[in-house]
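Take a look at the structure below.
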Amino acid sequence: MQGGLLVILTDKLFYGINYLSGNEFISQLIMVIVQIMAIFAVISLAAIIQVYMERRICGFIQDRLGPNRVGPWGLLQTVADMIKLMGKEDIIPVKAQRILWGITPMLLFIPAALIYAVFPFDDGAVFVDLNVGIFFVMAVMSQSVLMFLLGGFASENKYSFMGAMRAVAQMLSSEIPMAFAVLAVVMVSGSLKMTDIVAAQSNMWFIAVEPLAFIIFTISILMEINRTPFDLVEGESEIIAGPFTEYSGMRWALFFLAEYANLLSAAILTVTLFLGGWHGPVLPGILWFLIKVFLVIFLFMWIRWTYPRTRIDQMMALSWKVLLPLALFNIAATGIGIYIYNWM
Amino acid sequence: MIQTESYKLSMGPVHPSTHGVLQVWLTLDGERILRADPCMGYLHRGIEKLLEKRTYFQCLPYTDRLDYVSAMNNNLGYCSAVEKLAQIEVPKRAQYIRVIMAELNRIASHMIFIGSLAVDLGATTGMIYPFRDRERILDIFNELCGARMTYSYIRIGGVKSDLAVKVISMIDDFLAKLTDMIDEYNDLLTGNEIFQYRLKNTSILTAKQAMELGITGPMLRASGVSYDLRKDNTYCSYEDFDFSIPLGEKGDNWDRYIVRLKEMSESAKIIKQALAGLPTGEFMAKVPKVLKPPKGEVYDVTEGPRGEVGYHIVSDGSAKPYRVHIRRPSFINLQALDIMCRGYLVGDVVAAMSTIDPIMGEVDC
Amino acid sequence: MQGKGLLVGLAVTLKHFFGKKETVQYPEEKIPMTEAFRGGKLLLDEKKCISCKLCAMACPNTALDLTVEIDENKKRHMKNYIHKAGRCLYCNFCVEACPVDALSWDKNYENSCYYRENLTYDAVENNRKDEKNG
Ligand code: SF4
Ligand code: SF4
């Protein structure tokens, strides 16, 4: 395989380690650890950047400046916040079920991080290229609902519990239209493998082939990652952050981190499925990938700071009565389209 | 067999969307509301009692602190009650200035309403824009009387100071921009489908229910009852101005929002007319240094941004009122919360609470 | 058309994203206070003051505590002019009540402090301090 910039870099690193250690197996092992570390570094760094972005974008939209005091252009604001969160008192509600309550934030982080294993960041730069990649992503992504349920349940707080119930209802109703929207993409590309899906878009991005699927997918992914207009699980003005109500300090920060990791993976997924992944002229693949991902994140943030929140019944009605039939129709249309294409 | 049970949820007094320190006890069946009991008193300061120990002049700053987002209207209500009691004739110029300020304050108050409704529905940006625009009105008031919230500008017998040229030009500036501001709210909020879905056909309050509960102000008018003291019981030269009263049809959250939005333009109309026809003359009547109204009592009502602001003052002939009772519109309007919430969802409670637009300082007094 | 309002909303926020910002960079930039602004500490012009105590009488919340001294020439002058800013309503009644315009506001709005006692100050004492510092 030819490989993009990232692959060349990792190859160089591998040869270097191999030269030093002299043992193929040990250097393979070190490389795996390095790659896992790289994913975690990407997630944490991306969270910091996204929080900064979110605040700045929110500020600019609201005629304010956003954080601009800590560090140059306020870049270190998020770091300062992290330090503040670490220094906070760890409050455990008396009535909470301590063990469940304590492990939830950590558990939540697992699915959030796991998805990154199958994302193709660049030509050839994918941690494991599963042949059921997209299926794996959907399966793992929906796991996070369990943690919301656990957290809300273990807090012994009515608001948290209500948030947890909302989370379950919301995830169930967002998964299905999303799956059908993705199915259309899979039909066109003919593979579940993430790299194949990207490769199939080398000439034409799927947003042009499947515009309806793109819209359905964007709406349902917003539901999936609990962002406005579907942030019912948190719903600050109704149920005061829902499952997170009782969490503070570092535990809350983990929730926060997972949330932004999810936002990033949602953006990556959108780019991979519909916007041609790392494909693009002139610039190296990884740069194209980053540019597209951050544009999608900007879109999500822009939406968040413009719209009000929907109500729970309206959200369910939207996904079951509108998105699902549309997605089914889209699949049928895609099938017919493929048939006609092959026939010609 | 599956059994379901209702449960109680305490919303507030520390809750982001209870507009201060209001507690609402919700009885819920899942997310559906069976009952909503507002429980108030967390901001009680005993203002009515405090007024008994102060002279008529000294009472004024306390009325600022009732409904702190529309202090001018409270000042106006108090002053016209005392003037009625002591039979003081207010000069025409002062009356016009009072109208201008009361209407400006009404606009500012409705901006707060729009902002807090937006933020309660989760649209943070929808909050920032009206609050930013309200700042322009506060700038005018700051220039006029040196305070942004607690004006004490309308005094017994007139107003504190005459309208300076600078203030008039600031008001003109503001009015010129107001249409753009309202257009922006329309683009961002009114036209937004999510916003419409959230508000339309929720928390319906029929005209009959509203009248039975003694609801006044924009809430009553949203239910379709044309009742506005500025027209029906004119005071302070309101009869000189030409304006219309926006009415709703159904009495749902949407109507309450639209009525207030339209009232802002109507207020702007009144201000324009008042500025154009501003009479010359005194801005303060001759009021004795020590005011001792004759024995007796008086009840006077004015139309505040939230409804009828009424002052019942009992005088025993001394320099201090014997008893003051204040009819606070927020307090009475809040009683409709239960009717408005029953059968709707938790998300609607927040919207209903915003469209009632209670100010806790006024509810608890 | 459903969804048109959503797009219009996005256009509004995008316009503001690139538009002018309202933020005032506070400690570096300050909004000047208006002529009429009431706030900060009370300044007492002792040369003008005739120690009539009308200001204290006008105060609705007894925030002013004055002690008047009669010196050897039988002249009244202010010994202490204590303003309990914690009780003050900033209603301006004291300033308006003064027959000789001896009172004014210093318009310094940065008067927050850590302890409640620090809110109370003596305007006469402040004058002495100012004299000392020139
Ligand atoms: S401003 Fe009002 S409350 Fe404050 S000291 Fe003067 S009269 Fe008293
Ligand atoms: S009213 Fe004026 S002159 Fe009289 S004591 Fe107060 S400051 Fe002095």
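Within region B:59-84, take every residue that is open to solvent by 20 Å² or more (accessible area, probe 1.4 Å) and not in a helix (DSSP H, G or I) and give me the one that is nearest to the other protein chains (Cβ to nearest Cβ).
Checked region B:59-84; the qualifying residue nearest to the other protein chains (Cβ to nearest Cβ) is B:R65.
So which of C:K20, C:K30 ends up being more than 16 Å from ligand 2 (Cβ to nearest atom), open to solvent by 80 Å² or more (accessible area, probe 1.4 Å), among the charged types (D, E, K, R) and more than 29 Å from the chain's Cα centre (by Cα)?
C:K20
Is at least one residue of region A:178-200 within 30 Å of A:F244 (Cα to Cα) and of a type outside the set (V, I, T)? So that I can check it myself, show each step before the final result.
Of all residues in region A:178-200, those within 30 Å of A:F244 (Cα to Cα) come to A:178-179.
Now narrow it down to the ones that are of a type outside the set (V, I, T): A:178-179.
Yes, there is a match, as at least one residue in region A:178-200 is within 30 Å of A:F244 (Cα to Cα) and of a type outside the set (V, I, T).
Could you list all residues from region B:144-159 that are more than 9 Å from every other protein chain (Cβ to nearest Cβ) and in contact with a Pro (Cβ under 7 Å, 6 or more places away or on another chain)?
Matches in region B:144-159: B:G158 only.
Please determine whether any residue of region A:293-300 is crowded, with 19+ Cβ neighbours inside 10 Å and within 14 Å of chain B (Cβ to nearest Cβ).
No, that holds for no residue.
Out of all the residues in region A:32-69, which are away from chain B (no Cβ under 14 Å) and polar (S, T, N, Q)?
A:Q35, A:S44, A:Q50, A:N68
Return yes or no: is C:D45 of a type in the set (D, E) and either within 15 Å of ligand 1 (Cβ to nearest atom) or in contact with a helix residue (DSSP H, G or I) (Cβ under 8 Å, 6 or more places away or on another chain) (or both)?
For C:D45, the condition - of a type in the set (D, E) and either within 15 Å of ligand 1 (Cβ to nearest atom) or in contact with a helix residue (DSSP H, G or I) (Cβ under 8 Å, 6 or more places away or on another chain) (or both) - is not met.
Could you say whether any residue in region B:310-317 is touching a Pro at 6+ places or on another chain (Cβ under 6 Å), at pLDDT 90 or above and outside any helix (DSSP H, G or I)?
Yes, that holds for at least one residue.
Is it the case, given these coordinates, that B:K262 is part of a helix (DSSP H, G or I), open to solvent by 40 Å² or more (accessible area, probe 1.4 Å), within 14 Å of chain C (Cβ to nearest Cβ) and at pLDDT 90 or above?
No.
Considering only region C:43-60, how many residues are more than 19 Å from B:F57 (Cβ to Cβ) and not in a loop (DSSP other than H, G, I, E, B)? Break it down stepwise before answering.
Within region C:43-60, the first condition is being more than 19 Å from B:F57 (Cβ to Cβ), and the residues that meet it are C:43-51.
Next, from what is left, pick out any that are not in a loop (DSSP other than H, G, I, E, B): C:43-44.
Here the count works out to 2.
Given the condition touching a strand residue (DSSP E or B) at 6+ places or on another chain (Cβ under 7 Å) and either of a type in the set (V, I, T) or away from chain B (no Cβ under 12 Å) (or both), answer yes or no: does some residue in region A:258-281 qualify?
Yes: one or more hits.
Check A:I39, A:I61, A:I49 and return the single one that is modelled with pLDDT of 85 or more and open to solvent by less than 40 Å² (accessible area, probe 1.4 Å).
Sole residue among the options that is modelled with pLDDT of 85 or more and open to solvent by less than 40 Å² (accessible area, probe 1.4 Å): A:I61.
All but one of (1) surrounded by fewer than 16 Cβ atoms within 10 Å (Cβ to Cβ); (2) of a type in the set (S, T, Y); (3) within 20 Å of B:A147 (Cβ to Cβ) hold for C:Y115, so report the exception by its number.
Checking C:Y115 against (1) surrounded by fewer than 16 Cβ atoms within 10 Å (Cβ to Cβ); (2) of a type in the set (S, T, Y); (3) within 20 Å of B:A147 (Cβ to Cβ), the one that fails is (3).
Restricting to region C:99-122, give me the number of residues that are under 18 Å from the mean Cα position of the chain (by Cα), closer than 30 Å to B:I156 by Cα and within 16 Å of ligand 2 (Cβ to nearest atom).
Residues flagged as under 18 Å from the mean Cα position of the chain (by Cα), closer than 30 Å to B:I156 by Cα and within 16 Å of ligand 2 (Cβ to nearest atom) within region C:99-122 amount to 6.
Would you mind stating whether A:W320 is open to solvent by 30 Å² or more (accessible area, probe 1.4 Å), in contact (Cβ under 8 Å) with a residue 60 or more places away in the chain, on the phi < 0 side of the Ramachandran plot and more than 14 Å from chain B (Cβ to nearest Cβ)?
yes
Is it the case that C:T34 is within 12 Å of ligand 1 (Cβ to nearest atom) and in a loop (DSSP other than H, G, I, E, B)?
Against the criterion (within 12 Å of ligand 1 (Cβ to nearest atom) and in a loop (DSSP other than H, G, I, E, B)), C:T34 does not qualify.
Listed residues C:G40, C:G86; which is under 18 Å from C:A123 (Cα atoms), in contact with an Asp or Glu (Cβ under 8 Å, 6 or more places away or on another chain), within 16 Å of ligand 1 (Cβ to nearest atom) and assigned to a loop (DSSP other than H, G, I, E, B)?
C:G40
Listed here are the residues, each with its yes/no results for (1) surrounded by fewer than 17 Cβ atoms within 10 Å (Cβ to Cβ); (2) within 11 Å of ligand 2 (Cβ to nearest atom).
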site: C:I50; (1), (2): yes, yes
site: C:A63; (1), (2): no, no
site: C:D71; (1), (2): yes, no
site: C:M78; (1), (2): no, yes
site: C:A97; (1), (2): no, yes
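In region A:100-116, is there at least one residue being in contact with a helix residue (DSSP H, G or I) (Cβ under 9 Å, 6 or more places away or on another chain), open to solvent by 10 Å² or more (accessible area, probe 1.4 Å) and outside any helix (DSSP H, G or I)?
No, region A:100-116 contains no residue that is in contact with a helix residue (DSSP H, G or I) (Cβ under 9 Å, 6 or more places away or on another chain), open to solvent by 10 Å² or more (accessible area, probe 1.4 Å) and outside any helix (DSSP H, G or I).
Every residue, every condition in (1) facing another protein chain (nearest Cβ under 8 Å); (2) at pLDDT 90 or above; (3) under 22 Å from the mean Cα position of the chain (by Cα), yes or no:
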| position | (1), (2), (3) |
| --- | --- |
| B:R134 | no, yes, yes |
| B:S161 | yes, no, no |
| B:M170 | no, yes, no |
| B:L178 | no, yes, yes |
| B:D187 | yes, no, no |
| B:R198 | yes, no, no |
| B:S203 | no, no, yes |
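If B:P130 satisfies every condition in (1) within 14 Å of chain A (Cβ to nearest Cβ); (2) open to solvent by 10 Å² or more (accessible area, probe 1.4 Å); (3) at pLDDT 90 or above but one, which is the exception?
(2)
With the structure loaded, tell me whether A:A333 is modelled with pLDDT under 90 and more than 14 Å from chain B (Cβ to nearest Cβ) or whether it fails that test.
Spelling it out, A:A333 is indeed modelled with pLDDT under 90 and more than 14 Å from chain B (Cβ to nearest Cβ).
Out of the residues in region C:80-95 that are within 16 Å of ligand 2 (Cβ to nearest atom) and in contact with a Pro (Cβ under 7 Å, 6 or more places away or on another chain), which is farthest from the other protein chains (Cβ to nearest Cβ)?
Only one residue tops the list, namely C:F93.
Of all residues in region B:23-49 being touching a helix residue (DSSP H, G or I) at 6+ places or on another chain (Cβ under 6 Å) and either hydrophobic (A, V, I, L, M, F, W, C) or within 14 Å of chain C (Cβ to nearest Cβ) (or both), which is farthest from B:N74 (Cα to Cα)?
B:I33
The values are calculated or read from the model by the stated rules, or taken from the named source; none is laboratory data. This structure is a prediction, so every number in the text was calculated from the model and none was measured. Counting neighbours? That spans all protein chains shown, and the Cβs are built from the backbone with ideal geometry, glycine included. Protein only, heavy atoms only, side chains kept; ligands, DNA and RNA dropped before computing areas. Shrake-Rupley method; radii C 1.70, N 1.55, O 1.52, S 1.80 Å.
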